[in-house]
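The values are calculated or read from the model by the stated rules, or taken from the named source; none is laboratory data. Values in this document were obtained by computation on a predicted structure and should not be read as measured data. When we count neighbours, we look across all protein chains shown, and the Cβ atoms used for this are built from the backbone with ideal geometry, even at glycine. Keep in mind that these areas ignore ligands, DNA and RNA; they rest on the heavy atoms of the full protein, side chains included. Shrake-Rupley method; radii C 1.70, N 1.55, O 1.52, S 1.80 Å.
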Amino acid sequence: MRRGAIGLREVLFQSITAMAPAAAVAASIPAGTAFAGGSLPLSVLIALVACLFTASCVAELARELPAAGSVSTYAARGLHPSVGFLVGWGYVFVEALVPPLLLLQLGFTTAGTLHNEWSSYPADLWWPWSLAGAVVIAVAGYFGVRASARFGTVLGAFEVIVFLAFAILLISKAGSHNTLSVFGTSHTAPGYEGLSGVFAGSVYTVLAFAGFEAAAPLAEETRDPRRTMHRAVLGAALAIGLFYVLTTYAMSVYFGPGKFATFGAEGAASWEGVARASFGLFWVLVFLAVVNSTIANANACANVSTRTAFALGRIGVFPRGFARLHPQRRSPVTGVAVQFVVAVAAMLGLGFAYDPVTAFLLLATVIVTVIIGVYIVANLSCAGYFLRRARRSALRPVRHLVFPLLGIVAFVPALLTAAGLPAFDFVSELTAPVSYAGPVVAVWMLAGIVVLAVLLRRRPERIAETGRVHLDDDASDGEPDRGADPDAPTSQSGAVQR
């Protein structure tokens with residue numbers, strides 16, 4: 001891949017667009033209103049603090065281990081290479097499913113809006129828009145990380161600016177109704193009074209933060225990756241978390257905290273509905289920002305899946321073809337092509353087998369379940385990695401032990417909620433076909449265990465390579481890179497041996 005091709009701005013927006021801020025504000029976060037009601041801003045604030053624990057752990061590992069394998073490399077070095085392989089196996093699978101997920105949303109959102117404006121447009125004619133989005137993302141990926149990352153930067157800036165402007169407008173229009181009481185427990189939904197409603201709302205809003213780690217797989221293409229990765233991962237989680245708090249506060253005080261439990265993702269009581277009813281053609285910008293967010297998110301996650309597949313192909317645990325690069329653009333062309341085929345097949349196959357909304361929910365459940373599991377393992381990896389380095393005085397007990405523990409505690413309820421396991425009274429059991437998500441994940445991970453067993457028997461050195469940081473091979477100062485494993489053998493030049 002092209003070294004030093006992008007900087008902080010591009011990788012920051014790689015994480016920002018992977019979080020899909022506009023789509024999260026308009027569609028994901030409102031799921032928490034059924035529990036938190038007008039106190040949803042407090043739920044979002046709690047979710048932000050909880051997610052920062054995990055973001056801090058990922059940022060620490062990204063600084064120490066700048067590698068395209070990202071979470072796979074972190075788990076391999078912090079826990080065991082076999083765990084690293086399984087994390088990579090699951091991560092590349094779900095990240096490859098994010099583009100079809102978002103392309104489905106692009107299709108049914110655009111078709112539905114056009115049908116509402118012009119009844120002659122068929123409401124079920126969603127697939128041309130989805131296909132067009134898939135082509136745009138594939139072209140951006142083919143032209144390399146500069147084109148793809150800068151494309152994401154422009155898209156990400158647009159959606160954030162639109163919703164920030166809307167939030168400021170809402171706060172201004174709310175006037176004397178602005179109140180800090182929405183950061184208390186007095187406005188929770190009926191049946192979920194007090195902290196129970198706020199906690200339930202925060203569990204659902206935690207899911208809006210998924211994607212903050214997406215900058216990490218671009219480490220080998222980034223200038224000053226150790227410093228840049230740390231700032232991008234942590235900065236994206238903090239900046240977009242505050243963005244979520246501000247926008248949720250704005251709509252809560254404008255709509256009315258007392259009736260905010262009826263607010264949702266569509267209809268009159270939604271972001272687009274409020275924009276239509278009160279702000280004229282501003283709804284068009286809101287609609288475009290949400291559509292823009294789906295494309296930006298799909299683009300960012302395509303970057304993640306192709307880079308992770310590249311990293312696994314490079315060491316031979318995936319087919320070597322995934323490590324093939326374009327001779328001039330240095331883009332992982334095999335990964336880009338496979339990603340396009342997977343996106344189109346999953347999008348059209350599931351969309352026509354069920355319907356685009358049901359297909360969206362099925363894919364979303366698969367993705368969120370695995371991603372939260374990856375975050376939990378990343379927290380464990382942070383503790384394991386820095387405990388091994390304690391003799392170098394690198395261990396910071398609060399940052400490397402307490403934060404991982406708190407991150408795990410924060411994400412376990414979200415994992416149970418995403419999987420539909422009724423450990424709490426606010427969790428609903430999943431129904432078919434969304435309930436198929438669990439078996440799909442199980443089958444994929446079992447296949448990974450079989451592949452792992454074969455590789456450990458025949459080519460164990462390839463599994464060991466999962467923890468390799470390839471940037472260490474470029475060190476020319478005669479000293480081991482400070483991200484290298486202190487226990488790993490080194491060559492005379494100080495680089496970690498192959």
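A few points about this structure:
- Using a probe of 1.4 angstrom and keeping all protein chains present, the accessible surface of region 93-235 works out to 40 square angstrom per residue.
- Potential lengthening between ASP355 and ASN116 on full extension [0.36 nm per residue; Cα-Cα distance subtracted]: 84.2 nm
- For q = 0.12, 0.15, 0.19, 0.22 Å⁻¹, Debye-computed log10 I/I(0) when each Cα of region 254-374 counts as one equal scatterer: -0.68, -0.90, -1.14, -1.27
- Computing Rg and the Kirkwood Rh from the Cα coordinates of region 78-125 gives a ratio, Rg/Rh, of 1.42.
- Under the criterion of Cα pairs below 8 Å and six or more residues apart, the relative contact order for region 325-423 equals 24 percent.
- Take TYR354: with every protein chain present and a 1.4 Å probe, its accessible area is about 100 Å².
- 3J(HN,Hα) couplings calculated from phi for region 327-335 with the Karplus curve 6.51 cos²θ - 1.76 cosθ + 1.60 (θ = phi - 60°) are, in sequence order, x, 9, 7, 6, 8, x, 5, 5, x Hz; Gly and Pro show x.
- 3J(HN,Hα) along region 217-228, derived from phi through the Karplus expression 6.51 cos²θ - 1.76 cosθ + 1.60 where θ = phi - 60°, amounts to x, 8, 4, 6, 10, 10, 5, 6, x, 4, 6, 5 Hz, with x in place of Gly and Pro.
- Of the residues SER120, PHE53, GLY267, the one whose Cα sits farthest towards the positive end of the charge dipole of the chain is PHE53 (charges of +1 on Lys and Arg Cβ, -1 on Asp and Glu Cβ, taken about the Cα centre).
- Relative to the Cα centre, the charge distribution of region 201-323, modelled as +1 at Lys and Arg Cβ and -1 at Asp and Glu Cβ, gives a dipole magnitude of about 280 debye.
- Based on protein heavy atoms only, region 307-377 ends up with 37 Å² per residue of surface accessible to a 1.4 Å probe.
- Report note on the peptides 400-407, 304-311, 43-50, 112-119: ranked by the mean count of other C-beta atoms within 10 Å, highest first, their order is 304-311, 43-50, 400-407, 112-119.
- Accessible surface, 1.4 Å probe, highest first, among residues GLU461, GLU193: GLU193, GLU461
- For the chain, the relative contact order works out to 31 percent when only alpha carbon pairs closer than 8 Å and six or more residues apart are counted.
- Across region 308-380, the mean sequence separation of Cα contacts (distance under 8 Å, 6 or more residues apart), normalised by length, yields a relative contact order of 14 percent.
- The spacing between region 231-306 and region 1-74, judged by their C-alpha centroids, is 15 Å.
- Over region 41-140 - Rg/Rh using Cα atoms and the Kirkwood inverse-distance radius: 1.17
- Using the Cβ-Cβ distance between ASP124 and PHE279 with R0 set to 35 Å, the FRET efficiency works out to roughly 0.75.
- Carbon plus sulfur fraction of accessible area for region 396-456, probe 1.4 Å, in percent: 77 percent
- Protein accessible area in region 214-317, 1.4 Å probe - carbon and sulfur %: 64 percent
- Over the chain, volume per residue of the alpha carbon convex hull, in Å³: 137 Å³
- Counting protein heavy atoms only, region 46-184 has 72 percent of its accessible area on carbon and sulfur, 1.4 angstrom probe.
- Protection-proxy order for peptides 180-192, 28-40, each taking the mean of Cβ atoms within 10 Å per residue, highest first: 28-40, 180-192
- Of the whole protein surface, TYR375 contributes about 10 Å² of accessible area at a 1.4 Å probe radius.
- Computed with a 1.4 Å probe over protein heavy atoms only, the accessible area of CYS301 comes to about 10 Å².
- Per residue accessible area of region 415-465, 1.4 Å probe, in Å²: 61 Å²
- Available extension along the chain between LEU169 and VAL136 is 8.6 nm, counting 0.36 nm per residue and deducting the alpha carbon span.
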